[in-house]
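Undergrad: Here it is: the structure, laid out below.
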Amino acid sequence: MPKILSSDTPETEFRTRPVKGVSLYIAEGTIAAMADHAEAGYLENKEVMGLLIGQILKDEEGTYVKVTDTATSDLDADEVSVRFKKEAIEDLFDSIDKCEGNAVVGWYHSHLGIGCFLSDVDIRTHLGIFGSEIGFAVVIDPSDSTFAAFYCSGGEQQKAPLIIME
Ligand SMILES: [Zn+2]
């Protein structure tokens, strides 16, 4: 698995967040990349997924993340499920290496016409990747161009407020 930086590693830079109370900042271009990926999958009636790459930062309020890139690879997907192809994990690591940013800070996947939420499987996937570390799950529904971000706390999903950065 990719290296997931713990929120209390010494590398975590101290920088005051742009907006109080918001822990997730996503670059506009990253939103566009996820939307394009979801749209391409939608045309083939398939879900898509990828990882969110960026930086973990901290300030007086605690840790927060900036997402500046996405990484993905070949997928095994249909209209209700998606996962990385086992034989494509090397490609996934290569894709992560090419990204700006130094940490896997979340993941994204699409839902086809069922809206944005985390299913029980999604919550298990999320906890499998991030456990109790900081990590966000973005869900995109290309059927009506909606998206939302979530985190898991105590095994329950919570909607995460987010700011889109230019
Ligand atoms: Zn899902």
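The values are calculated or read from the model by the stated rules, or taken from the named source; none is laboratory data. Owing to the predicted nature of the structure, the values given are computational and were not obtained by experimental measurement. Heads up, the Cβs are rebuilt from the backbone with ideal geometry, glycines too, and the neighbour counts pull from every protein chain shown.
Undergrad: Quick test of your reading of the structure: F117 fulfils all but one of (1) at pLDDT 90 or above; (2) under 23 Å from Q55 (Cα atoms). Name the failing condition by number.
TA: In the conditions (1) at pLDDT 90 or above; (2) under 23 Å from Q55 (Cα atoms), F117 misses (2) alone.
Undergrad: Output the residues belonging to segment 87-103 that are at pLDDT 85 or above, of a type in the set (D, E) and surrounded by 11 or more Cβ atoms within 10 Å (Cβ to Cβ).
TA: D91, D94
Undergrad: Scan segment 132-166 for residues that are of a type in the set (G, A, S) and either in contact with a strand residue (DSSP E or B) (Cβ under 7 Å, 6 or more places away or on another chain) or not in a strand (DSSP E or B) (or both) and jot them down.
TA: If the condition is that a residue be of a type in the set (G, A, S) and either in contact with a strand residue (DSSP E or B) (Cβ under 7 Å, 6 or more places away or on another chain) or not in a strand (DSSP E or B) (or both), then S132, G135, A137, S143, S145, A148, A149, G154, G155, A160 are the ones that fit.
Undergrad: So which residues in segment 83-97 are touching a residue at least 24 places away in the same chain (Cβ under 8 Å) and either more than 29 Å from N45 (Cβ to Cβ) or in contact with a helix residue (DSSP H, G or I) (Cβ under 8 Å, 6 or more places away or on another chain) (or both), if there are any at all? I'd like the intermediate steps shown before the answer.
TA: Residues of segment 83-97 touching a residue at least 24 places away in the same chain (Cβ under 8 Å): 83-84, 92-93, 95-96.
Scanning segment 83-97 gives a single hit, F84.
Undergrad: Wholly within segment 36-131, which strands (runs of 3 or more DSSP E) include no fewer than the required count, namely at least 2 residues that are within 24 Å of P161 (Cβ to Cβ) and not aliphatic (A, V, I, L, M)? Please lay out each step first, then the result.
TA: Values: elements: 49-59, 62-71, 75-77, 82-84, 103-110.
Ranges flagged: 49-59, 62-71, 103-110.
Undergrad: If I filter segment 89-134 down to residues being within 10 Å of the ligand (Cβ to nearest atom) and of a type in the set (V, I, T), which single residue comes out as nearest to S23 (Cα to Cα)?
TA: For segment 89-134, the residue satisfying everything is I123.
Undergrad: Then there's this: Do we find that I31 is surrounded by fewer than 19 Cβ atoms within 10 Å (Cβ to Cβ) and more than 16 Å from the ligand (Cβ to nearest atom) in this structure?
TA: Working: surrounded by fewer than 19 Cβ atoms within 10 Å (Cβ to Cβ): no; more than 16 Å from the ligand (Cβ to nearest atom): yes.
When the stated conditions are applied, I31 does not pass them.
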